[in-house]
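Everything on this sheet refers to the single structure shown next.
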Ligand SMILES: [Zn+2]
């Protein structure tokens, strides 16, 4: 298996959730952009929703640190501007308590899947991570939940969209596909 090429956009100034397509056939993406480049990560609605939910629940449950440490990732200067676009197979999100920054990591392969794993469409295996502040995270999560709901009624317990087929509520011990947990 080709080794996964890893990119780090550092602190992004812009992180946006969007969807394209007709209802029922929509595809979802998060676009992140910094001075180092841009990544467009396509994903399933459940993945986007889980990221949004994780950020929102975390932001509600924890106080901001009174004196966050400046976020200064030790990144080598980029050789060239990163331009990435892929469909996420694996996604994770983490939060750093001292800097109060969220970091999303996404890859087009599952790093734990073993040597037989292949990236979709025989793309080169890539992973990207990018970081953003708590206010940006809250904005992203609100936007993402809105995009996922797309005008449908929202569950009063978890804020998730209630589909015509029904709704499995994570607040009532329901489980979502592709559940994202904080690392
Ligand atoms: Zn719910």
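Values quoted throughout were computed directly from the atomic coordinates according to the rules given, and no laboratory measurement underlies them. On a predicted model such as this, the values are computed, not experimentally measured, just so you know. Here the Cβ positions follow ideal geometry from the backbone for every residue, glycine too, while neighbour counts run over all protein chains shown.
Summary table
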| item | result |
| --- | --- |
| Stokes-Einstein translational diffusion, the chain - Kirkwood Rh over all Cα pairs, 1.002 mPa s, 20 °C, in µm²/s | 124 µm²/s |
| Sequence-separation-based contact order of the chain, relative, with Cα cut under 8 Å and 6+ spacing, percent | 27 percent |
| Mean ellipticity per residue at 222 nm, deg cm²/dmol - from DSSP H runs of n ≥ 4 across the chain, formula -39500 (n - 2.57) | -6000 deg cm²/dmol |
| Share of Cα-Cα pairs in segment 35-117 lying beyond 21 Å, as whole percent | 47 percent |
| Residue with peak Gaussian network fluctuation, the chain [Cα springs, cutoff 10 Å], from 68, 170, 76 | 76 |
| Selected from 17, 67, 59 as most flexible by GNM, with the chain as the system and alpha-carbon contacts under 10 Å | 67 |
| Fraction of beta bridges assigned by DSSP in segment 5-172 that are antiparallel (%, nearest 5) | 75 percent |
| Sites residue 96 and residue 157, calculated FRET efficiency, Cβ-Cβ separation with R0 25 Å, nearest 0.05 | 0.30 |
| At R0 = 30 Å, FRET efficiency that the Cβ-Cβ distance of residue 19 and residue 60 yields, to 0.05 | 0.80 |
| Fluctuation leader among 80, 143, 105 - the chain, Gaussian network, Cα springs under 10 angstrom | 80 |
